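For reference, the structure discussed in these notes is given below.
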Amino acid sequence: MAMVVKKIKTINKVLIIAAILTFMLVMFVPYFWMILSSFKTRVDLLSTTPKWIFKPTLENFPKVFIEREFLKYFVNSLVISISSLMISLVIGVPCAYAISRFNFQAKGHFFFYILSTRMAPPVAFALPMYILFSKFGILGTHLAVILAHTTITLSFIIWIMKGFFDDIPIELEQAAMTDGYTIFGAFKNVILPIVKPGIVATSLFSFIFSWNEFLFALVLGGSFSRTLPAAFPGLVTPHGTFWAQLSAAGTVVTLPVIILAFILQKHLVRGLSFGAVKQ
Amino acid sequence: MKARTARWIAPTMIILFIVSLMPFFIALNYSFRDISYTSSRSQGQWVGLDNYRKALSDPEFLHSLGITFKFLIPAVLFELILGFTMAMLFAKSNFKGIRKLIPILIIPTIIAPVVIGLIGRLSLNSEFGVIGVYLRKFGIIESSILGSVKLAMPAIILIDIWQWTPFVTVILLAGFLSFPKEPFEAAAMDGANPWQTFKHITMPFIAPLLAIVTLLRSIEAFKIFDKVWIMTQGGPGSSTQTSNIYAYRLNFMHWKLGYGAAIVILLYIVSFLLCVAFFRYLNREQIKKEREVIFYGNGSKKN
């Protein structure tokens, strides 16, 4: 009897592991397929029997990044993501602290309003922003895309950072203030060093969101400020789709994000759930 | 509001005024006017609620709303079922290095949706795609998937499931791994069968997380644009034209700004309601947790 139970348990365990491996494989293979495609020649890529083994080529990368100027878009993406991150960080972190620590009128409504800016479909904001930014005369500039991306990064930073501040006992500031610090002094010298890992994680997440964004960059950016994702539709032309070059661009645009995912390991759950789930 | 608080939050308020409040009121203002860049008669005359009346009886808009939910409901449902099952299996496997697998597992969720769309087209292509070719060989499909009125939407749903199931899995797995052991041990001692344990212990524990994941997924699925734009642009015909795609076409291809603004405001209202549900739910959970802290006398650390 005990033997049978043990056997059932082993079979169960094997089945579970098989299911997990299959799942991981299904999740990974389509992505891997794109990476492979980026190293294929046109002939290999369009082969009617999918090729897993082939003679790899590097030709697609210079083609798309130099000839089609994706290098420029890569730099634009970097500039825009980092700028919108920096703006959001400098103004968002103090705001998150205030929401965590101070009581003020309509605080709940304010906090909710910040969330709602993130949750609305980008299409809903793209039109009025287009009108507004054309009135400001900044349509098509980097600034237009940076400002649009702050709707994403700022609300994210405030929501997540408020959670990190909530986790710190208020006695810390009280002690610091009896030692003669002002509120700002306590915030700067006592609290910020404690939440530094949180700030780093939150920043990396915001960077990813801005880096991946498509619609605002497409509508509000011009040829001069185009980001990598917004440049993708340009490779689908009436003369055909440049599959290998698209794959090469896809490989390069996703690589930094995957590296960041490994760095962010511990914070993935908190970041992806908008701070609703703390691990 | 005290001057002290104002100094901390004023910069945020200024930026949000520019990027959120002003755009909202511009859209609201436009939605009551007849404005179009492509018609010389539409010079911005005030038309009151006409645009809204038109929207609510516009078959194309209503059709696009239908398409949105035809996408949203099966996609979110399958993601929840599959993600829940996988999270439970991950937790059951008792494999120590499980957290190390998460960054690989999460790849589809975390990379740019534009690339997800590209991968969808690349693998579903019936001429050379790694999935499409085999589907055709086994006679499941005859020609192009994304070019078919019947199959394009299921294909987008499939790709969405691929993209977001890891998200559901990872969030729920965090919940499963943080379960206290005692209730399960007690249930085992009392001779509860697996189904009873699942129903009376596992479910109540995971329910709040499930609710959060469902809301977050619904909000996000309602926003879908990038993937569809890359995969089908709303076609063939209007078979995958979600309301976001419709709004984009109206505003940025037909330049019917007044009518488009009314559509945009209606979309904003739907997402606002979803957002209210999420916020209310979080607050309720927060209050419950604080009560528990007081109840167990673990001391309250917050002001």
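The numbers here are math on the coordinates, done by the rules we state, and not lab data. Everything quoted here is computed from the prediction, not taken from an experiment. For neighbour counting, all protein chains shown are included, and Cβ atoms are generated from backbone atoms with ideal geometry for every residue, glycine included.
Contact order, relative form, for chain A: 28 percent (alpha carbon pairs under 8 Å, 6 or more residues apart, mean separation divided by residue count). Taking a threshold of 18 Å on the Cα-Cα distance, which of the pairs A:162/B:2; A:188/B:2; A:6/B:199; A:162/B:223; A:162/A:188; A:278/B:223 fall above it? Result: A:162/B:2; A:188/B:2; A:6/B:199; A:162/B:223; A:278/B:223 exceed 18 Å. Applying a threshold of 29 Å to the alpha-carbon distances of A:55/B:137; B:70/B:256; B:92/B:150; A:72/B:227 flags B:92/B:150 as lying beyond it. Taking the charge dipole of the protein assembly as shown about its Cα centre, with +1 at Lys and Arg Cβ atoms and -1 at Asp and Glu Cβ atoms, the residue from A:151, B:193, B:108 reaching farthest to the positive side is B:193. Exposed loop positions in chain A were taken to be GluC sites (Glu not before Pro) whose DSSP state is not H, G, I, E or B and which have at most 16 other beta-carbon atoms within 10 angstrom. Between these positions, the longest stretch is A:70-279. Scanning chain A for DSSP H helices at least 24 Å long along the axis (C-alpha atoms) with a Kyte-Doolittle mean no lower than 1.0 picks out A:2-38, A:70-101, A:142-166, A:192-212, A:243-264. Ranked by the mean number of other Cβ atoms within 10 Å per residue, highest first, peptides A:96-103, B:6-13, B:109-116 order as B:109-116, A:96-103, B:6-13.
For chain B, hydrophobic long helices are taken as DSSP H runs at least 24 Å long by C-alpha position along their axis with mean Kyte-Doolittle hydropathy of 0.0 or more; these are B:59-92, B:152-177, B:203-222, B:257-296. Per-residue extension of 0.36 nm, minus the Cα-Cα distance of residue B:179 and residue B:281, leaves a gain of 34.6 nm for this segment.
Given q = 0.13, 0.15, 0.26 Å⁻¹, what are the Debye log10 I(q)/I(0) values for region A:1-58, with equal point scatterers placed on the Cα positions and solvent ignored? With no solvent term, the Cα-only Debye profile gives -0.54, -0.60, -0.98. Answer rounded, prolate or oblate for chain B, using the Cα gyration tensor with square roots of eigenvalues a ≥ b ≥ c: rounded when a/c is under 1.5, else prolate when a/b is larger than b/c, else oblate. It is oblate, given that a/c is not under 1.5 and a/b is not larger than b/c. Positive contributions from Lys and Arg (+1) and negative ones from Asp and Glu (-1), summed over other residues with Cβ under 14 Å from the Cβ of residue A:264, come out at +4.
Averaged over the residues of peptide A:169-175, the number of Cβ atoms from other protein chains lying within 10 Å of each residue's Cβ is 1.
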